[in-house]
Every structure is written in C-alpha cells, then in structure tokens.
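Read through the structure below, which is laid out as structure tokens, and then see the notes.
The values are calculated or read from the model by the stated rules, or taken from the named source; none is laboratory data. In this text the structure is predicted, and so the values were computed from the model without any measurement. Virtual Cβ from ideal backbone geometry, glycine too; neighbours counted across all protein chains shown. Keep in mind that these areas ignore ligands, DNA and RNA; they rest on the heavy atoms of the full protein, side chains included. Shrake-Rupley method; radii C 1.70, N 1.55, O 1.52, S 1.80 Å.
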Amino acid sequence: MRIFKNINGKLSLLHDKPFEKERYLQNLFEKNLSKITDYHFISSEFTIKNSRIDTLAFDPENKSFVIIEYKRSQNISVIDQGISYLNLMLEYKADFIIEYNEKQKKNLKRSDVDWSQSKVIFISSSFTDFQIQASNFKDLPIELWTVKQFEDGIIYVSSIKKSRTSPSINSIKNKGEISTLKELKVYSEEDHLKDKSEDIQDLYITFKNAILNLNNDINIEPKKLYMVFKTERNIAAIHLQKKALKLWINLVSGKLDDPKNLARDVSQTGHWGTGDYELLIEDSKNLEYIMSLVKQAL
C-alpha cells in the first residue's frame, strides 16, 4: 500500500522506514495494544519450558489467550513455531492462568478460558509468499500481521487475510505436532448456518450483504456464538437464532443516535458480542434504518 501526505491538495509520497530493532517494535505494540487491538496486555517475555513468548495477551471477547511474536527476519517457519506455541499453551494451561492472575491481580480459573479459541499472531514488516501460503488454512489459528513505519511517525498495521478458498488443516492433521491441536476450533459461517431454517439463512445473508456494503474494508470473523463484522476493530455482531437474528452494535451506551428506539441498551445486562446496543431482527423491513445505526460504529 502506498501512503501519501496531503499538503494543500498536493500528495507527497511517504517512504517507509524499517524498524531497526525487533525490541522497539515489541515495545510499541505492548504499550499500545489496547489501541491496536481489542486484547489486554498480560506480560512481556513470558518464559515456559525453555521457550520465550514475546507478548502474552488476553482476548476478553473470546475469553482466550493470544501469543504475539515479532519478526524482523523473513527466514522463519511461522507454521512450525506457531504450532509449537499452541501446543505449549494447551499442555501448560495452569502456567498461563498463573501468569494472568499475577499480572492482572485477578482470579481467573481454567474453566473461565475458552482454550479452543487460542491463537498465535506473527507481526513483521513483511512475509514471504511461502510463509503466507503455509499459514493459509481456514481453521488454523495462526495469523500474520504486517506493520510498517513511515515518515512523520505514521504506523500502518494490517492483518493478512486468508483466502476464501483456503483448505482445511484437517487434510494434514495426522502429521507431526498438528495432530495435538484437536482441542482448537476455528469457526466458520457454515457452522452457524448449517442447522438454521432457509428463512433465517436468507435473513442473515440480507443483513450480512448490507453491512459489507457499508465499507469495502469490512470483513467477517466467525466466533463460537456469533459472527463479527469488523475492519481493524469490531463494528457489529450477529447471532442466528431459530426465528430471528440478534445484532449488536459496537458503541458504548449513550453514543447511538436511534430516533426510532429500535435498539435496546444492554450495557447493564449480560449479552454476547461487543457494544452496548442490541436489536432483535425478525424481518428486513427496517433494513435501511438499521444500517444507518450500524454505520455509526464505523
């Protein structure tokens, strides 16, 4: 991607500046993790069984741990290292719980964590085609993120999306360490649609397409209980029920302009998804108006 600076209507191309040290990149992410992601920072340089994890984070939405690794060199196998870290997490769950509780001063229990949603994120200025292809399995919880530094202190962060036709890791799960990852589960749209009526499927597709049309950068990220629509941050989430859809808008209480009062403020009640506003959708008659609500979260 080419980044420009607008100076009185004249565009000036910004040139990228390589990160001199991996540690600088790590510090930058750890200090700003809540701004870059929705994750909570837990610890830096977490060591377990002779392995050192650059950054340990926690995903409050999925109730799962996230391991983040930073790479300046392209001469690494992200698949081998990623699977190794996932295996460590699943084998030494108690150590991750202890680290969380000591650093957060909380009492997280093993049963409070959804270990099936564990993931590893690799962050680098670039990845080789081989690294991208090696991690391109739709149900492999390893993500590649690129980060670039430009003049004037501009930082660009983007995740590399898996292709829509990416294969399943099941095809090679009988090989090596991959076979030990059966506890992990990466969800798909098909998981949410497969047992729903045709009417609900059609209603979901109608709202899905409407949300995607709000912005070209919106992607779908299926979770265990619902589908998230997001750019770099969450915008909305949809849960498919038997006879309706539940839609949550990712805005805090008091920030939604809803003159028809269709959305319910759930900031004081338990609910799925992120955001404080919930809508129960049984048909598409208010589609355009609901999209005007969702658009406020962009």
In the set D38, D16, D95, D54, the lone residue that is of a type in the set (D, E) and under 26 Å from E151 (Cβ atoms) is D16
(message) Going by what's in this entry, would I121 be described as open to solvent by 20 Å² or more (accessible area, probe 1.4 Å) and either among the aromatic types (F, W, Y) or under 20 Å from K71 (Cβ atoms) (or both)?
(response) no
Picking from L11, L56, the residue that is at pLDDT 90 or above, outside any helix (DSSP H, G or I) and within 30 Å of D152 (Cβ to Cβ) would be L11
Looking at region 68-75, can you tell me whether even one residue there is within 26 Å of F229 (Cα to Cα) and not small (G, A, S)? yes
Checked K224, K255 against criteria (part of a loop (DSSP other than H, G, I, E, B), touching a helix residue (DSSP H, G or I) at 6+ places or on another chain (Cβ under 7 Å) and open to solvent by 40 Å² or more (accessible area, probe 1.4 Å)); the one match is K224
Exactly one of I211, I235, I281 is touching a Phe, Trp or Tyr at 6+ places or on another chain (Cβ under 9 Å) and under 27 Å from V113 (Cα atoms), and that residue is I235
Assess whether S34 counts as being of a type in the set (G, A, S) and closer than 30 Å to W248 by Cβ. yes
In region 22-49, anything over 14 Å from E69 (Cβ atoms), touching a residue at least 12 places away in the same chain (Cβ under 8 Å) and open to solvent by 50 Å² or more (accessible area, probe 1.4 Å) is listed as D38, H40, F41, K49
#### Entry: D129 being open to solvent by 30 Å² or more (accessible area, probe 1.4 Å) and either of a type in the set (S, T, Y) or modelled with pLDDT under 90 (or both)
yes
- Could you check, for region 5-17, whether at least one of its residues is among the polar types (S, T, N, Q), open to solvent by 40 Å² or more (accessible area, probe 1.4 Å) and at positive phi? yes
>> So, K49, is that one at positive phi and more than 20 Å from the chain's Cα centre (by Cα) or not?
In response: yes
Note on region 173-217: residues surrounded by 14 or more Cβ atoms within 10 Å (Cβ to Cβ), hydroxyl-bearing (S, T, Y), part of a helix (DSSP H, G or I) and at pLDDT below 90 are T180
Flagged in region 232-268 as over 21 Å from Q201 (Cα atoms) and among the small types (G, A, S), in numbering order, are S253, G254, A263, S267
Subject >> Residue match in region 71-88 (condition: part of a helix (DSSP H, G or I) and either open to solvent by 50 Å² or more (accessible area, probe 1.4 Å) or among the acidic types (D, E) (or both)) >> reply: yes
Over region 134-157, the set of residues under 14 Å from the mean Cα position of the chain (by Cα), surrounded by 18 or more Cβ atoms within 10 Å (Cβ to Cβ) and not in a loop (DSSP other than H, G, I, E, B) is I142, E143, L144, W145
Requested in this report: Kindly indicate whether any position in region 227-238 is open to solvent by less than 60 Å² (accessible area, probe 1.4 Å) and either over 22 Å from the mean Cα position of the chain (by Cα) or aromatic (F, W, Y) (or both).
Outcome: yes
Listed by first then second residue, the pairs whose first member lies in region 129-152 and is under 15 Å from L86 (Cβ atoms) and among the hydroxyl-bearing types (S, T, Y), whose partner is modelled with pLDDT of 90 or more and open to solvent by less than 70 Å² (accessible area, probe 1.4 Å), with beta carbons under 7 Å and at least 6 positions apart or on separate chains, are S135/I142; S135/L144
